[in-house]
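Asker: One structure follows; several queries about it will come next.
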Amino acid sequence: MIIDTLSNASRYYSLHPNFKKAFDFIEQNDNANLPDGITTLSEGLRVIVNTGNGNNKEEALKFFECHDEHIDIQFCVSGVEIFAWKPREKCNQPNGEYNIEKDVRFWHDTPDTYFKLTNNQFTILYPEDCHASMMGEGEIKKLIFKIKI
């Protein structure tokens, strides 16, 4: 997992061929006015624009998840978003079966830590990063990039 600010994004371009494309999208758009929805940007790269009210911890942890085939870059456009995190290797309480169509696996485990993102901050979450997001108060607008491994 990586947590950083947009001003440092270029440090991560070399980690995956689609990282630069994702960060270019952020730099080239008026993110505050993007409509919610899913857009394919290129082969193996799509962006989900999501606006919603933050959830309490109990509600958010129902979606404590990880992915097998994608890396997430989650970018906070506005609001304060709280994330839960735990290394996948420490998770041992599955919550259902892996959904291959949605590339998601849920867990009942208790997170090890929580962190916040605010405007122009992002996190990069790899398959080994179990996470839950959209915790907080008030409206949160975010971009979620799904990057095929």
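The values are calculated or read from the model by the stated rules, or taken from the named source; none is laboratory data. What you see is a predicted model; the values in this text were computed from it and never measured. Every residue, glycine among them, receives a Cβ derived from its backbone with ideal geometry; neighbour counts consider all protein chains shown. Keep in mind that these areas ignore ligands, DNA and RNA; they rest on the heavy atoms of the full protein, side chains included. Shrake-Rupley method; radii C 1.70, N 1.55, O 1.52, S 1.80 Å.
Asker: Could you check, for the stretch 73-88, whether at least one of its residues is touching a residue at least 12 places away in the same chain (Cβ under 8 Å), over 16 Å from the mean Cα position of the chain (by Cα) and either assigned to a strand (DSSP E or B) or loosely packed, with under 13 Cβ neighbours inside 10 Å (or both)?
Answerer: no
Asker: Another question, if that's okay. Restricting attention to the stretch 1-15, and to residues there that are among the polar types (S, T, N, Q) and in contact (Cβ under 8 Å) with a residue 60 or more places away in the chain, which single residue is surrounded by the fewest Cβ atoms within 10 Å (Cβ to Cβ)?
Answerer: S7
Asker: Let me ask another. Could you count how many residues in the stretch 119-149 are over 13 Å from the mean Cα position of the chain (by Cα), of a type in the set (S, T, N, Q) and either buried (at least 20 other Cβ atoms within 10 Å of the Cβ) or within 25 Å of E58 (Cβ to Cβ) (or both)?
Answerer: The total comes to 0.
Asker: Here is a further query. Is it the case that some residue within the stretch 16-34 is among the aromatic types (F, W, Y), more than 19 Å from S78 (Cα to Cα) and open to solvent by 40 Å² or more (accessible area, probe 1.4 Å)?
Answerer: For the stretch 16-34, residues among the aromatic types (F, W, Y), more than 19 Å from S78 (Cα to Cα) and open to solvent by 40 Å² or more (accessible area, probe 1.4 Å): absent.
Asker: Sticking with this one: I'd like to know if the stretch 22-42 contains one or more residues that are closer than 28 Å to G138 by Cβ, in contact (Cβ under 8 Å) with a residue 24 or more places away in the chain and touching an Asp or Glu at 6+ places or on another chain (Cβ under 8 Å).
Answerer: No, the conditions are met nowhere in the stretch 22-42.
Asker: Follow-up question, since we're still on this one. Please indicate, with yes or no, whether at least one residue in the stretch 103-110 is assigned to a strand (DSSP E or B), open to solvent by 30 Å² or more (accessible area, probe 1.4 Å) and among the hydroxyl-bearing types (S, T, Y).
Answerer: So far as the stretch 103-110 goes, no, none of its residues is assigned to a strand (DSSP E or B), open to solvent by 30 Å² or more (accessible area, probe 1.4 Å) and among the hydroxyl-bearing types (S, T, Y).
Asker: Suppose the filter is in contact (Cβ under 8 Å) with a residue 40 or more places away in the chain, open to solvent by 20 Å² or more (accessible area, probe 1.4 Å) and either of a type outside the set (K, R) or under 24 Å from S7 (Cα atoms) (or both); does E65 pass it?
Answerer: The answer is yes for E65.
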